[in-house]
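> One structure coming up, written as structure tokens, with questions to follow.
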Amino acid sequence: MNPREPLYKAAGVDTAAAQSGLHKIVEHIKQTWPAPDGFGAVKLDIGYFANVIDIGGIGLAICTDGVGSKSIIAQMMNRYDTIGIDCVAMNVNDAICVGARPISMVDYIAIEKADADILGAIAIGLAVGAKEAGISISGGEIALLKDLVRGFDLVGMAVGIVPLDRIITGRDLVPGDVIIGLESSGIHSNGLSLARHVFFERARLAIDHVFPELGVPLGEELLRPTFIYVPEILDIIKNIPTVKALINITGDGLLNLARVDAKVGFMIDTLPPMPPIFRLIQQCGAVDNTEMFEVYNMGVGFCVLVSERDADAVLSILHRHGRRAQVIGRVVEDDGKGVHLPRERLVGHGKAFTPI
């Protein structure tokens, strides 16, 4: 491996190539969009967490995502009753970013061979996640693809409703607004390819290895379900109508902040303690600090951006829901939309952090 090559790429995830492919896709799919004032008009550009479709004056939010290679951890653990929670979380946590109330979701399970026990266990997690998010699972599809899939893949597509005049994109952000970070449950559902590469290929650890820092088998930690933030965020939207941006910290970590529709930067100077799983990935794989922050949430699973005067009210709502959260930084002047981490001596633009 080239010493300058990101370890994530060596693990099989080439984010630069994926981004290039995305641009090619966007060129074609935007040709399908109706007129801006027509039925079915697409209200947001490609690149936000969800999009909103105008269906006769009603804003229909729509998004899709899956659990990625976390499904491989489920197979290694022979435990399938939590992975459905992750599928729900990955979708509803994106839908709320535009200010939408998630309503329903459909799932798609591509599986190597039919196994009633596995499918039943996946359904248990889907139902648990749906109940937590307050949505229905209104349908789905099972595809038997023994020539294409090893194990299984799990993907969902969620819809929600948002008033067309209340779509949240961060367009009103100004310097001085505060960034409130909500704790993550750990690794969530991003960066599992890198984690597997580090622990099982480089360090050659067993799935049931127990690090003293974790206190549970490694596989159990990696399989820990993604937090669902829907109830508390909907409470914030209802009671803090001036909320400016809602950011799901998934792949690309805190660089997701720059997806807002405003030319501002972000100064993150009060991060919460890093969960042990991230420190172990970094130590076992000798992963550079820049790459860790490019791939993982590092303990912050979701962000709420509001004016300073609303910060205490938002924190009060979050704490009432039992969610640990704190102000982690502020919006700053920066036309380049940089994400600044002074304590880590990093600054991020686009998809990458660089040392400073």
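The values are calculated or read from the model by the stated rules, or taken from the named source; none is laboratory data. Not measured: the values here are computed from a predicted model. Note that each Cβ is placed from the backbone with ideal geometry, even for glycine, and that neighbours are counted across all protein chains shown. Ligands, DNA and RNA are stripped out before the accessible areas are found, and what is left, the full protein with its side chains, is counted by its heavy atoms. Shrake-Rupley method; radii C 1.70, N 1.55, O 1.52, S 1.80 Å.
> Taking only complete DSSP H runs, can you tell me which helices of the chain stretch 18 Å or more along their own long axis by Cα positions and average at least 0.5 on the Kyte-Doolittle scale?
Helices meeting the criterion: 83-95, 116-133.
> Please report the carbon-and-sulfur percent of the accessible area for segment 146-234; probe 1.4 Å, protein heavy atoms only, DNA, RNA and ligands left out. Could you put the intermediate results ahead of the total?
Details: 1910 of 3660 Å².
Within segment 146-234, the accessible surface is 52 percent carbon and sulfur.
> Something else about it: Taking a temperature of 37 °C and a viscosity of 0.692 mPa s, what whole-number D in µm²/s does Stokes-Einstein yield for segment 187-311 with Rh from Kirkwood over alpha carbon pairs?
The Stokes-Einstein estimate is 203 µm²/s.
> I would also like to ask the following. Hey, what number do you get for the chain at 222 nm if only DSSP H runs of n ≥ 4 count, each worth -39500 (n - 2.57), divided across all residues, to the nearest 500? Walk me through the numbers before you get to the answer.
Working: 11 runs with 105 residues, N = 356.
Value at 222 nm, helices only: -8500 deg cm²/dmol.
> If you add up the charges near residue 196, with Lys and Arg at +1 and Asp and Glu at -1, over every other residue whose beta carbon is less than 13 angstrom from its beta carbon, what do you get?
Local net charge: +1.
> Another one. Express the accessible area of the chain per residue in Å², computed with a 1.4 Å probe while the remaining protein chains stay in the model.
Details: 16050 Å² over 356 residues.
Dividing the accessible area of the chain by its residue count gives 45 Å².
> Might you work out the accessible area of residue 259 for me, using a 1.4 Å probe with all protein chains in place, and round it to the nearest 10 Å²?
It works out to around 80 Å².
> Please give the FRET efficiency for residue 64 paired with residue 149, using the beta carbon to beta carbon distance and R0 = 22 Å, rounded to the nearest 0.05.
Rounded to the nearest 0.05, the efficiency is 0.75.
> In Å and whole numbers, how far do the C-alpha atoms of the chain stretch along each principal axis, longest first?
50, 47, 43
> So how do 29, 237 rank on accessible area, 1.4 Å probe, biggest first, that is with the largest at the start?
The most accessible residue leads, giving 29, 237.
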